[in-house]
Every structure is written in structure tokens, then in C-alpha cells.
Amino acid sequence: MSTPPVREQFLVLSAMGRNPMELTNVLCRASHDSRCSVVTSRLTRHGEYSALVLQVAGNWDALARFEGLLPGLAKRHDLHVDVVRSSTLESRPQALPYVAYVSSVYRSDIINELCQFFIDNNVELENLTCDTYQAPQTGGMMLNATFTVTLPAGVQISWLRDQFLDFADALNLDALIEPWRPQNPV
């Protein structure tokens with residue numbers, strides 16, 4: 001009689017701390033020591049804090065061990081940690097990955113307006129990066145945003161691109177939407 005395959009499970013962990021290197025080192029080491037593996041990670045700095053998001057994989061025992069370590073690590077290293085169980089994202093072979101780039105004078109409503117456009121068109125958000133900065137020439141506050149999105153299967157790409165550019169023009173945004181391409185093609 002053969003043993004059934006071990007089903008890999010996932011945790012998604014978000015953590016904040018003042019020291020980005022310590023934050024990453026402590027949580028990745030705890031993951032490894034618990035016999036879990038880091039599947040994906042993202043670290044960004046926001047003022048004096050850094051935010052780390054990890055997706056960790058392992059069997060139920062390893063994930064439970066890792067979860068059990070987190071409260072003590074959070075207290076000892078002054079971290080704010082939140083954890084949720086997750087499953088793998090279902091395959092979407094017909095979906096199309098695209099990237100939308102937006103630059104404009106900063107307004108507090110731009111990101112939610114762009115999100116609403118994508119919601120209205122059944123476009124899924126995969127990743128969002130948004131930064132503000134002061135323009136050196138004018139001193140005005142500017143916004144750069146990059147949305148990595150997944151277009152639903154069967155969408156007419158030229159129609160969606162035209163709709164997006166018309167939408168951006170109406171909001172006075174400099175925008176572009178194009179197919180996603182790997183950063184380092186093999």
C-alpha cells in the first residue's frame with residue numbers, strides 16, 4: 001500500500017517592522033527552521049517602516065510550527081504580523097497579463113478611479129506599485145503608478161486599450177497599457 005502524496009499548503013504573512021533586513025532575516029529563518037519554504041516575497045519601505053509579504057509553503061505540520069513561532073518573534077523583534085491560510089491560485093491559461101503605466105499630477109482619487117475602471121471591465125489586479133514625488137522643475141507633487149493586471153479570456157484587447165486611453169485622457173493622465181513581458185527573458 002502506497003502512501004498518498006503530501007498536499008502542500010500555504011500561508012500568506014504580512015509583517016511590518018522598522019529594520020527591513022532584520023524583518024526579512026527573522027521571518028525567513030523561522031520559515032526555514034520550521035521546514036517551510038518561501039514561495040514569494042515582497043519588501044517595500046514606507047517611511048520609517050518596512051512591509052514584508054511572504055507566501056510560505058509546507059505541509060500542515062510545518063506551517064503549524066511556523067505559525068506557533070510568530071507571536072514570540074513579533075514580540076521579541078517589535079514586529080506587527082498578520083497571517084492567513086491560502087491555497088494555490090487556479091490556473092488561468094486563457095487570461096492575458098498586461099501592464100498599465102500612469103503618470104500625472106498627484107490627486108488623492110486617481111488610484112481608486114483606476115481600480116474602479118478595471119473592476120468595471122472585469123480586469124483582475126495582480127500587482128500595484130505607486131509612488132509620489134516632487135517634480136524638480138515645478139515643485140508640484142507627481143504620481144507614478146504601475147498596475148499589473150490580467151485581462152479576462154475573450155476580451156477584445158484593442159477595445160479595452162481604447163477604453164483605457166479614453167478614460168485616462170478624461171482624467172488628464174499620461175497612460176499606457178501594454179502586454180506584460182518578463183524582465184529577464186531567457
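The values are calculated or read from the model by the stated rules, or taken from the named source; none is laboratory data. Keep in mind that this is a model prediction, so the values were computed, not measured. We place every Cβ from the backbone using ideal geometry, glycine too, and count neighbours over all the protein chains shown. For accessibility, only protein heavy atoms count, side chains too; no ligands or nucleic acids. Shrake-Rupley method; radii C 1.70, N 1.55, O 1.52, S 1.80 Å.
Computed from Cα atoms, the angle from the helix 110-120 axis to the main principal axis of the chain rounds to 80 degrees. The C-alpha atoms of region 104-186 occupy a region whose extents along the principal axes are 44, 36, 18 Å, arranged from largest to smallest. Using only the Cα atoms of region 90-149, build the gyration tensor, take square roots of its eigenvalues as a ≥ b ≥ c, and label the shape rounded, prolate or oblate: rounded if a/c is under 1.5, else prolate if a/b is larger than b/c, else oblate. In terms of gyration-tensor shape, prolate.
The calculated Kirkwood hydrodynamic radius for the chain is 19.4 Å, given to one decimal from all distinct C-alpha pairs.
Distance from the C-alpha centroid of region 26-56 to that of region 115-186: 27 Å, rounded to the whole angstrom.
Of the whole protein surface, SER108 contributes about 100 Å² of accessible area at a 1.4 Å probe radius.
In this structure ILE119 has an accessible area near 110 Å², from a 1.4 Å probe over the protein heavy atoms.
Think of region 45-186 as having a plus end and a minus end, set by charges on the Cβ of Lys, Arg, Asp and Glu; of GLY139, ASN121, TYR49, TYR49 sits farthest toward the positive end of this dipole.
Net charge in the neighbourhood of LEU173 (other residues with Cβ under 14 Å of its Cβ; Lys, Arg +1, Asp, Glu -1) is -4. What the chain shows is 66 Å² of accessible area per residue, with the surface traced by a 1.4 Å probe over protein heavy atoms. Placing MET142, MET21 in order of accessible area, with the largest value first and a 1.4 Å probe, yields MET21, MET142. Normalising the average separation of contacting C-alpha pairs (under 8 angstrom, six or more residues apart) by the number of residues puts the relative contact order of the chain at 21 percent. Taking amide H as placed 1.01 Å from N in the peptide plane, the amide H of GLU126 sits under 5 Å from that of THR148, VAL149, THR150, each at least 5 places away or on another chain. Extending 7 Å from the Cα toward the beta-carbon at both THR129 and ASP82 defines two label points whose distance is 2.3 nm.
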